[in-house]
Amino acid sequence: MMSEAPIFHSKYSYHHDGKAQQLDIHEILVKRSRLGIFLSYSMVVVFLGTNVYFVTTKVFCILILTFFEVNIRSIWSILVCFLLAKFLHYNPVKKERVVIMPAFGVQLETHYWSGRIVRLFVPISKILSSMLNECVTPVTCYWSLALLLRDEGELMLVFQLIRSVQKLQPPLKMLVPVWKALRAAINCEETSIT
Amino acid sequence: MDQQRKHTILMVSDFFYPNFGGVESHIYYLSQCLLKLGHKTEPDLNAFAFKIGLVVVMTHSYGKRTGVRYVTNGLKVYYVPWRAFLMQNTLPTFYLTLPIIRTILIRERISIVHGHQAFSTLCHEALMHARTMGYKVVFTDHSLYGFADVGSIHMNKVLQFTLADISQAICVSHTSKENTVLRSGITPDRVFVVPNAVDTAMFTPSTCRLSCDEIVIVVISRLVYRKGADLLVEVIPEVCHLFSNVRFIVGGDGPKRVRLEEMREKHSLQDRVEMLGAVPHARVRSVLISGHIFLNSSLTEAFCIAILEAASCGLLTVLPDDMVVLSEPDPGDMVHAIRKAIVMLPSIDPYAMHQRMKKLYSWHDVAKRTEIVYDRALQSSDENLLRRLPRYLKCGSWAGKMFCLVMIVNFLLWCLLDLWQPVESIEEVPDLVFIRNEHEDVRIFVFLRLNGFRWRGMDCSQWVFGDAFIPSSGSGFCNRSGKFQWISEVAFIFRRVFDLRQRIRFRFVFRNGFGGLRLFCFVIALLLCVLNSVRFESGVSLIRMLVSFD
């Protein structure tokens with residue numbers, strides 16, 4: 001009963017493909033804002049420009065010392081520029097994919113804008129359950145989808161495979177179909193065992 | 001239910017379970033009774049202009065207990081991971097709690113924010129932010145404070161700031177109302193008196209009546225100056241000397257315990273005075289029913305729940321004339337009062353006392369009265385910042401202007417936060433309803449909203465998931481219409497996992513949320529140190545540099 005139409009919410013969009021070769025594929029794509037990229041790069045340039053002096057000398061060690069020559073006043077500007085660059089930093093993640101192979105396993109993929117793909121496969125027998133967590137941090141509160149694995153004390157996050165300052169936080173309405181599909185796959189496996 | 005809008009209350013305080021105390025149990029029992037009121041059958045729904053839908057509690061984290069927890073009857077508690085720094089209070093950061101409070105207020109669709117206890121910094125900050133964002137605010141004061149010492153002066157100023165712009169206030173007794181009004185300068189007509197109550201179901205008299213051959217006097221309180229521990233030190237030997245058949249049981253711990261022990265040694269009363277130490281709340285009843293008389297020697301009490309608990313257990317104590325023996329806070333007078341109590345003892349019927357307590361004090365009554373206060377609070381008009389600022393100016397010549405500045409900065413920060421994280425990007429939480437069917441199996445139903453309107457239109461095809469579950473009986477809530485069969489096992493999984501691995505999830509979350517930021521700050525600090533050690537010759541200039549940012 002799931003809808004095939006994509007769901008959009010701010011910078012995330014959810015796509016579901018349930019018919020490709022008996023695999024269940026759920027994707028969450030992240031939009032990149034051009035302004036964010038421009039600002040972050042320009043901030044890095046400003047940071048380098050104001051704080052690092054290149055002095056042309058013949059002696060190598062003096063070159064190194066003066067490379068580290070930092071003005072007192074610029075300590076504050078270092079911090080500000082660095083923080084701005086970091087927080088306006090574009091999210092390197094292009095999309096996150098969950099491929100559910102019935103009775104076999106679940107593959108979690110992270111595609112980056114640079115072209116790199118990180119994949120993680122979890123066999124179905126290892127998954128105990130999938131759950132939606134409400135995570136509370138000192139400044140915010142968000143939902144995350146996690147897998148409970150057998151014999152392991154840690155939960156495995158489905159959509160946050162990398163730790164970055166800008167976390168992927170897709171909204172709940174996109175997590176719910178993925179969660180439901182995972183539950184269905186796990187339940188099928190349980191019933192087939194018993 | 002479709003016609004009336006349900007209201008959600010947010011209870012904010014630094015003090016909540018797993019801490020035990022008067023404020024904590026007040027919040028807990030009040031929330032439970034409000035939840036029960038919110039789920040009453042149809043005819044009662046129209047009694048008030050609004051209906052309580054949900055109650056959410058917000059407090060700081062206690063040790064490893066952080067994140068979202070659900071306690072009895074689906075009461076949702078947010079243990080926000082701000083560490084306590086002094087006597088269970090969060091660090092007062094003024095503006096740093098704004099993002100999380102704003103997020104919680106928006107995602108839970110809160111209508112009223114109810115703060116508890118003047119001593120709680122989280123409460124004051126939450127009320128300040130809620131007022132800035134335009135929510136209706138209610139405050140309950142649980143304690144009496146003085147006027148003379150430095151701590152009280154500061155506390156009263158903070159209270160003046162909070163109560164300058166509040167919708168309604170609640171106090172637990174008339175004395176407390178007088179005290180609050182004098183301390184904060186609020187107009188008395190905005191203060192309601194809603195007394196505390198006692199859980200009479202938990203505090204019942206003993207089934208077998210104790211014999212009056214040996215009279216047992218029970219004292220349960222924190223052994224501090226304020227609770228009159230010094231008076232006890234004088235009174236106990238005197239009474240033991242006058243009456244040979246009297247025994248004391250002293251429960252509780254505190255700085256004055258040493259004095260009581262010394263008194264015991266000095267007068268050789270080891271066999272007549274029993275010291276129990278700290279008594280956990282669950283065992284209080286068993287201690288109370290082992291006695292005939294309850295002695296309370298507090299110098300000052302806003303509302304003493306301990307006395308109610310004792311009276312509910314059938315002990316002779318301080319209450320309506322035939323249940324009470326009052327005295328001045330003076331040892332001689334107290335001994336005289338105890339003598340009177342011993343004489344009165346044979347005529348006391350514990351069960352009759354318990355029944356009277358049940359009628360006089362009940363949490364359901366407190367919840368109903370609190371609902372009236374909420375009703376009144378919601379009827380107050382919405383005002384913008386300019387209208388509200390003059391109220392702060394009345395707080396004092398310097399303080400008033402400072403408070404205005406604080407509120408203006410808060411407003412600006414709120415606007416900035418609105419730009420950084422717009423309201424649309426904060427998702428609302430699906431409602432959870434806990435229902436028991438005839439198998440006493442708690443099934444949890446989740447009702448999702450569409451476009452911010454509840455139950456508007458039934459084109460919910462993209463929200464249906466899980467199997468349709470039709471409870472055969474159960475509450476009227478489910479049988480009311482066929483609409484309420486949206487089932488998700490989101491919370492059901494929560495429940496199962498709570499039983500399995502409670503701590504792991506929240507520890508993981510906390511760590512994950514902070515790992516990147518901590519590492520980042522550490523790297524920055526290291527970089528700065530390295531850069532500065534290369535640049536400057538001595539450490540003194542490093543410190544000078546750190547102090548004077550240009």
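The values are calculated or read from the model by the stated rules, or taken from the named source; none is laboratory data. In this text the structure is predicted, and so the values were computed from the model without any measurement. Neighbour counts run over all protein chains shown; Cβ positions are idealised from the backbone, glycine included. Note: areas computed on protein heavy atoms with side chains; ligands, DNA, RNA excluded. Shrake-Rupley method; radii C 1.70, N 1.55, O 1.52, S 1.80 Å.
Remarks
- The listed residues B:Ser425, B:Ser221 rank as B:Ser425, B:Ser221 when sorted by accessible area, largest first, using a 1.4 Å probe.
- Model label points for B:Ser397 and B:Met202, set 7 angstrom from Cα along the Cα-to-Cβ axis, are 5.1 nm apart.
- Using the Cβ-Cβ distance between A:Trp113 and B:Leu412 with R0 set to 45 Å, the FRET efficiency works out to roughly 0.80.
- All alpha carbon pair distances within region B:75-149 were sorted into 5 Å bins beginning at 0; the resulting P(r) in whole percents reads 3, 13, 25, 26, 20, 8, 4, 1, 0.
- Remark: mean inter-chain Cβ contacts per residue of B:60-68 equal 2, using a 10 Å Cβ-Cβ cutoff to other protein chain atoms.
- For the pair B and A, total buried accessible area rounded to nearest 100 Å², probe 1.4 Å: 4900
- In this structure, B:Thr93 and A:Leu35 have a Cβ-Cβ separation that, at R0 = 30 Å, corresponds to a calculated FRET efficiency of about 0.45.
- Whole-percent carbon and sulfur share, accessible surface of region B:198-340, 1.4 Å: 51
- Modelled FRET efficiency - R0 25 Å, B:His174 with B:Lys359, Cβ distances, 0.05 increments: 0.80
- Mean per-residue shielding of peptide A:127-134 is 6, counting Cβ atoms of other chains within 10 Å of each Cβ.
- Model label points for B:Ser152 and B:Gln379, set 7 angstrom from Cα along the Cα-to-Cβ axis, are 3.6 nm apart.
- At a threshold of 20 Å², the residues of region B:99-122 that become less accessible to a 1.4 Å probe in the full protein assembly than in their chain on its own are B:Pro99, B:Ile100, B:Thr103, B:Arg107.
- Rg and Dmax of region B:220-259, Cα atoms only, in Å: 10.6, 29
- Mean per-residue shielding of peptide B:78-84 is 2, counting Cβ atoms of other chains within 10 Å of each Cβ.
- Each principal axis of the Cα cloud of region B:223-323 was taken in turn, and the coordinate range along them, longest first, works out to 36, 29, 25 Å.
- Spin-label pair B:Asn245/B:Phe85, simplified geometry with 7 Å Cα→Cβ offset, distance in nm: 5.8
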